[in-house]
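Student: One structure follows; several queries about it will come next.
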Amino acid sequence: MNLLVFAHRGEAQEFIKKLSMKGVSGHPGLYLNEDTALLITGEGIYEVFSKLGQILGEYSITKVFNLGIAGALEKSIRLNSFHEIKTVYCHTGKPQFQSFTLNSENSGIDVITSSERVLDDSYANELSNFAPLVDRELWAIAKVCDECSIPLRSFKLVSDMAGKSTDCFDLKEKALEFSTRLLEFWLGIEGDQEEDPGSQEPPIQMSFTQKAKYRSLVKALGLKEGFDLASFESKALAEMKEGLSSKQKANLLLEAMELGLNPVKLSTKKQFEKLSTPVQAIGARLLFDKNFEKKKFTLQMEINDQKNIDNLSKLSEILKFSDFEKVWNGELDV
Amino acid sequence: MFENIFIENSLKDHPRVESILSRFKNSNVKYLEQYDNVWGRVKKPYLAKRTNLNLFLANKKGQLVKEAPNAYGVKGERHFYFIHAFNCIYECKYCYLQGYFNSPDVVLFLNHDEIAAEMKRVLNQHPDETVWFHAGEFSDSLALSHITGELEAYWNFFKQNPKAKLELRTKSVNIKRLEKLEPLENVYASFSLSPESATKQIDLKTPPLKARINAIAKAQAQGHKIGIHFDPVIYKDEVFEEYEELFMALSEGIDLGAVSYFSLGVVRFTPQVFNEAKKNYPDSDMFAAQFVRSSEDIVRYPRSMRAWILSKLKDSLIKSGAKEQRVYLCMED
């Protein structure tokens, strides 16, 4: 369900009326219709924190949209123009370091949320160092959405120049006009929302861990120019021997996919295995780090007989560290 | 190019400020006490540089010259970088600046005399060593040099101090100021190059490869010492063919045997920059490879993969005419 967030009832009034939204008892400021929720937070960041957090916790909200008016901080911003917001900053007597970049689909401009009303030019000038628009709530909305991992978009209608010329009474009188314009704008963009593509399912049975690995490999391989997952998978599956278990098939497919991202991984592994053969022959093992990143290995062997020690001493004649170094240095049969 | 230009109050009457402002007449000009009262005070997203890039003109305070990490440049010599600017007008998708600073806004420092004095102090501390000073750690060295006019100031320093070496690292073709300067034995213009496809798709806003090769050829013909960086190499299925084409194009345009040094390095990130780059460019084929986080806290290809890539490219480069002893591998042990 989408949630529309407004600061004032005045801005939301036409949405409530035209979208046939009903108030929810026990939740002042919350309205619902069949597929959309609407929340009026009240003015300022502190109102947002308490009200929005509660709604996102109680309802299954997939996207949040903030609509409202904003003040211009630069003369180049036209009054009555609409802007999608890209990044929101905050000023609470001093600039807050944390900013939020919204999920804007169009090019947008930035806004700074002020914890105070902007009623003098020197404060407006200070804010203009960071963004060309100012509002009172968006940063808090973005912070709550970020913490809940819910995508947020925001659209602002420029109502006035912020500073000493701001007239709060005049803005209240124009609330119906602003609300009508915001609704018209919203109806124009509402149909454009893209749905997220679902998670890719593997072509064969996989465990939970294998599936997670599969999805991450699909994502990386999908970035390759001209990569066709379906034909890659059918080729890899066709090359597999008959009689393999599902787990073996899944591992082979994942290995084939990994080769697409690191063409030397398999040959690195095989060359180290080959070099380890004499060690295995005496009942010992060479242990490498997972990605063969460190130029070292550990020799592991159980000693329960003098013969083990004799075998171990023979290793120095057949095991050459320089052979291992060659592999680490990229001398690979690829 | 710049939405706003912020100038420190103490630089109001600086002659270079007037000349810079004359080039950006459409920008809003604002004055402030110190650039970092605004720059970096809030986390400004890296990609904001596409839509609202600001310029700050300031004096650099604090450390003006810093020692470079191990394996930064030619091995066995001491390397420092000096800070003449923060951030860059280009947008390379792997650039570590996207996770390094809290703002993509460009800062140009104007106190070059103080920076040169600090370099002199560092030089005096290492009287028996070859000391390199690199420009371009935090910004492209030449891209805005026609505006900053700083090259002359550093040129004088290196002319007077022949034991010190200067490297100007660039992706630009802006050699206007360089062409006006007499070549010095201890000053190297070094150009970072990638194959044509990477130049277009990954090194956004940088000049085309052909123009860059032409700029190198001009600088070389004029007698400037040249360095070439093939760094970062980004793996793709066609990587070796693409670099072979690049080496061939380069060998046709310039005398590879006369190039003072070449560096080769594969793409690498700090974990923070890796995450930032993935966020900024989630669909980039730069991420179509296996990355591991090494014990040094570097995110890069696994050891054998990067060694394999670098050794093949090194062979190919030498076959194209580069002298083997002049090729070094960057940030590799």
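Student: Amide H to amide H under 5 Å from A:Asp289: which residues, 5+ apart in sequence or cross-chain, H placed 1.01 Å off N in plane?
Tutor: Here the answer is A:Lys294, since their amide H atoms fall under 5 Å of that of A:Asp289.
Student: To continue, here is another question. Between B:Val29 and residues 5 or more places away or on another chain, which pairs have amide H atoms under 5 Å apart, with H built 1.01 Å from N, and which residues are they?
Tutor: For B:Val29, the qualifying residues are B:Ile5.
Student: Please sort A:301-307, A:71-77 by packing, taking for each peptide the average over its residues of neighbouring beta carbons within 10 angstrom, highest first.
Tutor: The most tightly packed comes first, giving A:71-77, A:301-307.
Student: Considering the Cα positions of segment A:6-52, please state its Rg to one decimal place and its Dmax as a whole number of Å.
Tutor: Calculated on Cα positions, Rg and Dmax stand at 10.4, 29 Å.
Student: Which one of B:Met248, B:Tyr31, B:Thr148 has its Cα pushed farthest toward the positive end of the charge dipole of chain B, where Lys and Arg give +1 and Asp and Glu give -1 at the Cβ?
Tutor: B:Tyr31
Student: Related question: Using the scaling law 2.2 N^0.38 Å as the reference, what is the normalised Cα Rg of chain B?
Tutor: My calculation over the Cα atoms of chain B gives 0.98.
Student: Placing +1 on the Cβ of each Lys and Arg and -1 on the Cβ of each Asp and Glu in chain A, which of A:Ser267, A:Ala72, A:Cys90 has its Cα farthest towards the positive end of the resulting dipole?
Tutor: Most positive-ward Cα: A:Ser267.
Student: Residue by residue, what Karplus-based ³J(HN,Hα) values in Hz, rounded to whole numbers, does segment A:48-64 have, using 6.51, -1.76 and 1.60 with θ = phi - 60° and x for Gly and Pro?
Tutor: Computed from phi, the couplings for segment A:48-64 are 5, 3, 6, 6, 5, x, 5, 5, 5, x, 8, 10, 8, 9, 9, 9, 10 Hz.
Student: From the C-alpha coordinates alone, can you work out the Kirkwood hydrodynamic radius of chain A, in Å?
Tutor: Working: mean 1/r = 0.0396 Å⁻¹.
Final number for the Kirkwood radius of chain A is 25.2 Å.
Student: Rounding to the nearest 20 debye, state how big the charge dipole of segment A:1-44 is about its Cα centre with +1 on each Lys and Arg Cβ and -1 on each Asp and Glu Cβ.
Tutor: Details: 4 positive and 5 negative charges, 28 e Å.
Computed about the Cα centre, the dipole is about 140 debye.
Student: Semi-axes, largest first, in whole Å: what does sqrt of 5 times each Cα gyration tensor eigenvalue give for segment B:202-333? Walk me through the intermediate numbers first.
Tutor: Numbers: eigenvalues 151, 59, 37 Å².
The answer is 28, 17, 14 Å, longest axis first.
Student: Sticking with this one: List the GluC sites (Glu not before Pro) within segment A:83-145 that fall in a DSSP loop (any state other than H, G, I, E or B) and whose Cβ has at most 14 other Cβ atoms within 10 Å.
Tutor: On the way: sites: A:Glu84, A:Glu105, A:Glu116, A:Glu126, A:Glu137; in loops: A:Glu105, A:Glu116, A:Glu137.
Passing sites in segment A:83-145 are A:Glu105, A:Glu116.
Student: At a 10 angstrom cut-off on C-beta neighbours, averaged per residue, how do the peptides B:54-63, A:311-320, A:206-215 rank from highest to lowest? Present the calculation step by step, with values, prior to reporting the outcome.
Tutor: Values: B:54-63: 18.3, A:311-320: 12.2, A:206-215: 15.0.
Final packing ranking: B:54-63, A:206-215, A:311-320.
Student: Rounded to the nearest 20 debye, what is the charge dipole size of chain A about its Cα centre when +1 sits on each Lys and Arg Cβ and -1 on each Asp and Glu Cβ? Present the calculation step by step, with values, prior to reporting the outcome.
Tutor: On the way: 41 positive and 49 negative charges, 236 e Å.
Dipole of chain A, to the nearest 20 debye: 1140 debye.
Student: Right, next: Two decimals, Cα atoms only, Kirkwood Rh: what is Rg/Rh over the protein assembly as shown?
Tutor: 1.03
Student: Scale the Cα Rg of segment A:1-114 by the rule-of-thumb value 2.2 N^0.38 Å and send over the ratio, two decimals.
Tutor: Values: Rg = 15.0 Å, N = 114, 2.2 N^0.38 = 13.3 Å.
Dividing the Cα Rg of segment A:1-114 by 2.2 N^0.38 Å gives 1.13.
Student: Further question on the same structure: Just tell me how shielded B:156-169 is by partners: mean number of partner chain Cβ atoms within 10 Å of each residue's Cβ, no decimals.
Tutor: Numbers: counts 0, 0, 0, 0, 0, 0, 0, 0, 0, 0, 0, 0, 0, 0.
Per residue, the number of nearby Cβ atoms from other chains is 0 on average.
Student: For segment A:2-192, what are the per-bin percents of Cα-Cα distances with bins 5 Å wide, up to the bin holding the maximum?
Tutor: All Cα pairs considered, the percentages come to 1, 8, 18, 22, 22, 16, 8, 3, 1, 0.
Student: As I understand it, the value is the acute angle between the Cα axis of helix A:229-238 and the longest principal axis of the Cα atoms of chain A; what does it come to in degrees, rounded to 10?
Tutor: Here the helix axis deviates by roughly 20 degrees.
Student: Same structure, new question: Is the shape of segment A:198-261 best called rounded, prolate or oblate, per the rule: a/c under 1.5 gives rounded, else a/b larger than b/c gives prolate, else oblate, with a ≥ b ≥ c the square roots of the Cα gyration tensor eigenvalues?
Tutor: Working: a/c = 1.92, a/b = 1.30, b/c = 1.48.
Here segment A:198-261 falls in the oblate category.
Student: Residue-wise, which Karplus ³J(HN,Hα) couplings in Hz belong to segment A:18-31, taking 6.51 cos²θ - 1.76 cosθ + 1.60, θ = phi - 60°, and x for glycine or proline?
Tutor: My calculation for segment A:18-31 gives 6, 9, 6, 9, 10, x, 10, 5, x, 10, x, x, 9, 10 Hz in order.
Student: Fully extended, how many nm does the chain gain between A:Lys235 and A:Glu302 (0.36 nm per residue separation, minus their Cα-Cα distance)? Intermediate results must be reported in sequence, preceding the final value.
Tutor: Details: separation 67, 0.36 × 67 = 24.12 nm, distance 4.34 nm.
Contour length minus Cα-Cα distance gives 19.8 nm.
Student: Another question, if that's okay. Report, in whole Å, the centroid distance computed from the Cα atoms of segment B:241-267 and segment A:269-292.
Tutor: 38
Student: Name the residues whose placed amide hydrogens come within less than 5 Å of the amide hydrogen of A:Phe100, ignoring near sequence neighbours (fewer than 5 apart) on the same chain.
Tutor: Here the answer is A:Val88, since their amide H atoms fall under 5 Å of that of A:Phe100.
Student: While we're looking at this one, here's another question. Alpha carbon centre of segment A:1-61 versus segment B:84-105: separation in Å?
Tutor: Using only Cα atoms to place each centre, the spacing works out to 40 Å.
Student: How about segment B:213-307: which GluC sites (Glu not before Pro) there are in a DSSP loop, with at most 15 other Cβ atoms within 10 Å of their Cβ? Write out the running numbers ahead of the final one.
Tutor: Working: sites: B:Glu238, B:Glu241, B:Glu242, B:Glu244, B:Glu245, B:Glu252, B:Glu276, B:Glu296; in loops: B:Glu238, B:Glu296.
Qualifying residues, ordered by number: B:Glu238, B:Glu296.
Student: Same structure again: Averaged over B:188-195, how many beta carbons belonging to a partner chain fall within 10 Å of each residue's beta carbon? Please report the intermediate quantities before stating the final value.
Tutor: Numbers: counts 0, 0, 0, 0, 0, 0, 0, 0.
Mean partner-chain Cβ count within 10 Å for B:188-195: 0.
Student: By how many degrees, 0 to 90 and rounded to 10, does the Cα axis of helix A:246-261 deviate from the longest principal axis of chain A?
Tutor: Computed tilt is about 80 degrees.
Student: Kindly rank B:75-87, A:266-278 from highest to lowest mean number of other beta carbons found within 10 Å of each residue.
Tutor: Working: B:75-87: 19.5, A:266-278: 15.7.
Those peptides, ordered most packed to least, come out B:75-87, A:266-278.
Student: Also: Roughly how large, in nm² to one decimal, is the mean projection of the convex hull of the alpha-carbon atoms in segment A:264-334? Mind showing how you got there, number by number?
Tutor: Numbers: hull surface 18.7 nm².
The orientation-averaged projected area of the Cα hull of segment A:264-334 comes to 4.7 nm².
Student: Let me ask something else about it. What are the extents of the Cα atoms of segment B:101-222 along their three principal axes, in Å, largest first?
Tutor: Principal-axis extents of segment B:101-222 (Cα, largest first): 45, 40, 26 Å.
Student: What is the mean number of Cβ atoms from other protein chains located within 10 Å of the Cβ atom of each residue in peptide A:260-268, rounded to a whole number? Mind showing how you got there, number by number?
Tutor: Working: counts 4, 8, 10, 7, 10, 4, 0, 2, 6.
The shielding value for this peptide is 6.
Student: Using the Karplus curve 6.51 cos²θ - 1.76 cosθ + 1.60 with θ = phi - 60°, what ³J(HN,Hα) values do you get for each residue of segment B:179-185, in whole Hz, with x for Gly and Pro?
Tutor: The phi angles translate into 4, 7, 9, 5, x, 10, 5 Hz.
Student: Moving on. Tell me which of B:Phe101, B:Gln220, B:Leu178 sits at the most positive position along the dipole axis of the protein assembly as shown, charges placed on C-beta atoms (Lys, Arg +1; Asp, Glu -1).
Tutor: Going by the Cα projections, it comes out as B:Gln220.
Student: Okay, next question. Show me the trypsin sites (Lys or Arg not before Pro) within segment B:240-333 that DSSP assigns to loop and that have at most 15 other Cβ atoms within 10 Å of their Cβ.
Tutor: Numbers: sites: B:Arg268, B:Lys278, B:Lys279, B:Arg293, B:Arg300, B:Arg303, B:Arg306, B:Lys312, B:Lys314, B:Lys319, B:Lys323, B:Arg326; in loops: B:Lys323.
When the trypsin sites (Lys or Arg not before Pro) of segment B:240-333 are filtered for loop state and at most 15 Cβ neighbours within 10 Å, B:Lys323 remain.
Student: I want the local charge near B:Thr206. Using Cβ-Cβ distances under 10 Å, sum +1 for each Lys or Arg and -1 for each Asp or Glu among the other residues. Write down the numbers at each step before the final one.
Tutor: Values: positive: B:Lys171, B:Lys200, B:Lys205, B:Arg212; negative: B:Glu91, B:Asp140, B:Asp203.
Here the charged neighbours net out to +1.
Student: Let me know the charge dipole size of the protein assembly as shown about its Cα centre in debye, to the nearest 20, where only the beta-carbon of Lys, Arg (+1) and Asp, Glu (-1) is charged. Provide the component values of the computation, followed by the final result.
Tutor: On the way: 86 positive and 92 negative charges, 211 e Å.
Roughly 1020 debye for the protein assembly as shown.
Coordinate-derived values only; no laboratory data. In this text the structure is predicted, and so the values were computed from the model without any measurement. Backbone-built Cβ (ideal geometry, glycine too); neighbour counts: all protein chains shown.
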